[in-house]
Amino acid sequence: MTRWLVTGAGGMLGTDLTALLRETGRPVTAAARADLDLADAGAVAEAVRGHGVVVNCAAWTAVDAAETAEDAALAINGTAVEGLARACAEAGAALIQISTDYVLPGDDPSPAREDAPTGPVNAYGRTKLAGERAALAVGGRVVRTAWLYGAHGPNFVATMARLAAERDTVDVVADQHGQPTWTADLAELLVRLGESAAPSGVYHGTNAGSTTWHGLASAVFEGLGLDPGRVRPTTSEAFPRPARRPAYSVLGHDAWTAAGLAPLRDWREALAEHLAKDVIPTR
């Protein structure tokens, strides 16, 4: 049976992916940041050896901090991926590199195809694009995702659930569009991809449909049995950030169908299951 290696296994997605692999009886090595220094070529080569599929969930994800520390972000999101990609090529392991919608400019108000021109608008996106290119250069597969939430780590959905209990109202931006994506759903998709004959290339791993941050926050309140009217719309200008965000980060999913795999379900269905399973029982 194929043995999996999950790097960045201590993160939100890595935790769910590792748990799913173990629950379904698939052999997996979980390498969190403390377990594997991706900048150490020798350690990476040793870690990859004996594994058939490597999923790289490790990343610098501090988007705003990358604006003033792009070299440090690139070391993790780009240079380290180059080393991991070489190790996979030498060991004959299939590489799945997790990437982001931020490699795209987000200026076209229609779902972006997998082959749409890239054009990051911030440092984080530029560093993740370097990682994509490194993975694709050795025949790896790149899975771009966005707006992740889940049970294991800080995220927007968890923040809204907390604020719902602390405040009468919350102001949330309504001029950024994207696809909320449950890490549990994405983990299942990654397993299917890793065990498929899908070719090298870019795949968009986001739940279907789209909304705004305001729409997502309203759905969280409603899913918790609260008045969604407590979520008030505002603009991005009300919350200035060091890094520019793409205004329209809705991704198309044609590559899955072409590879004979089903894309992810609608985000509303996934959110409802997440709230029922992971949030409501703990409130």
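The values are calculated or read from the model by the stated rules, or taken from the named source; none is laboratory data. Note that this is a predicted model, so its numbers are computed, not measured. Cβ atoms come from the backbone with ideal geometry, glycine included; neighbour counts cover every protein chain shown.
Checked against (1) without any contact (Cβ under 8 Å) to a residue 24 or more places away in the chain; (2) under 22 Å from Asn122 (Cα atoms), Ala243 meets all criteria but (1). Tell me, which residue of the range 163-184 that is under 25 Å from the mean Cα position of the chain (by Cα) and among the hydroxyl-bearing types (Ser, Thr, Tyr) is nearest to Cys57 (Cα to Cα)? Only one residue fits best here, namely Thr183. Out of (1) surrounded by 15 or more Cβ atoms within 10 Å (Cβ to Cβ); (2) of a type in the set (A, V, I, L, M, F, W, C); (3) free of Cβ contacts under 8 Å to residues at least 24 places away in the same chain, what's the single condition that is false for Ala258? Ala258 satisfies every listed condition except (1). Scanning the range 64-102 for residues that are closer than 22 Å to Ala187 by Cβ and either β-branched (Val, Ile, Thr) or without any contact (Cβ under 8 Å) to a residue 40 or more places away in the chain (or both) gives Ile76, Val81, Ile96, Ile98, Thr100. The lone criterion from (1) in contact with a Phe, Trp or Tyr (Cβ under 7 Å, 6 or more places away or on another chain); (2) closer than 30 Å to Ala137 by Cα; (3) without any contact (Cβ under 8 Å) to a residue 12 or more places away in the chain left unmet by Tyr203 is number (3).
Sub-7 Å Cβ pairs linking a first residue in the range 39-63 that is touching a residue at least 12 places away in the same chain (Cβ under 8 Å) and under 19 Å from Ser196 (Cα atoms) to a second residue that is exposed (fewer than 15 other Cβ atoms within 10 Å of the Cβ) and not charged (D, E, K, R), at least 6 apart or interchain, are Gly52/Thr2; Val53/Thr2, ordered by first then second residue.
When each of Ala134, Ala187, Ala161 is tested for being at pLDDT 95 or above, part of a helix (DSSP H, G or I) and touching a Leu at 6+ places or on another chain (Cβ under 6 Å), the lone residue that passes is Ala187. Only one entry of Pro233, Pro263 meets the criterion of being of a type outside the set (S, T, N, Q) and either surrounded by 21 or more Cβ atoms within 10 Å (Cβ to Cβ) or under 30 Å from Leu189 (Cα atoms) (or both), and that entry is Pro263. Here the range 236-252 is the region considered, the condition is being charged (D, E, K, R) and closer than 18 Å to Asn155 by Cβ, and the residue that is surrounded by the fewest Cβ atoms within 10 Å (Cβ to Cβ) is Arg241.
Taken over the range 214-230, the criterion of being out of contact with any Asp or Glu (no Cβ under 9 Å at 6 or more places or on another chain) and either of a type in the set (A, V, I, L, M) or buried (at least 16 other Cβ atoms within 10 Å of the Cβ) (or both) is satisfied by Gly215, Leu216, Ala217, Ser218, Ala219, Val220, Glu222, Gly223, Leu224, Leu226.
Just to check your reading of the model, which residue among Ala87, Ala91, Ala72, Ala116 is surrounded by 22 or more Cβ atoms within 10 Å (Cβ to Cβ) and over 16 Å from the mean Cα position of the chain (by Cα)? Going through Ala87, Ala91, Ala72, Ala116 in turn, just one is surrounded by 22 or more Cβ atoms within 10 Å (Cβ to Cβ) and over 16 Å from the mean Cα position of the chain (by Cα): Ala87.
In this structure, does Ala58 turn out to be among the aliphatic types (A, V, I, L, M) and surrounded by fewer than 24 Cβ atoms within 10 Å (Cβ to Cβ)? No.
Would it be correct to say that Arg33 is within 18 Å of the chain's Cα centre (by Cα), at pLDDT below 95 and farther than 19 Å from Gln179 by Cα? Yes: the conditions hold for Arg33. Of all residue pairs spaced 6 or more apart or on separate chains, none has beta-carbon atoms under 6 Å together with a first member in the range 219-232 that is touching a residue at least 60 places away in the same chain (Cβ under 8 Å) and assigned to a helix (DSSP H, G or I) and a second member that is charged (D, E, K, R) and surrounded by fewer than 15 Cβ atoms within 10 Å (Cβ to Cβ). Might you check whether a residue that is assigned to a helix (DSSP H, G or I), closer than 20 Å to Leu186 by Cβ and touching a Leu at 6+ places or on another chain (Cβ under 8 Å) occurs anywhere in the range 103-118? Yes, the range 103-118 has at least one match. Please tell me if Ser99 is among the polar types (S, T, N, Q) and surrounded by 21 or more Cβ atoms within 10 Å (Cβ to Cβ). Yes: the conditions hold for Ser99.
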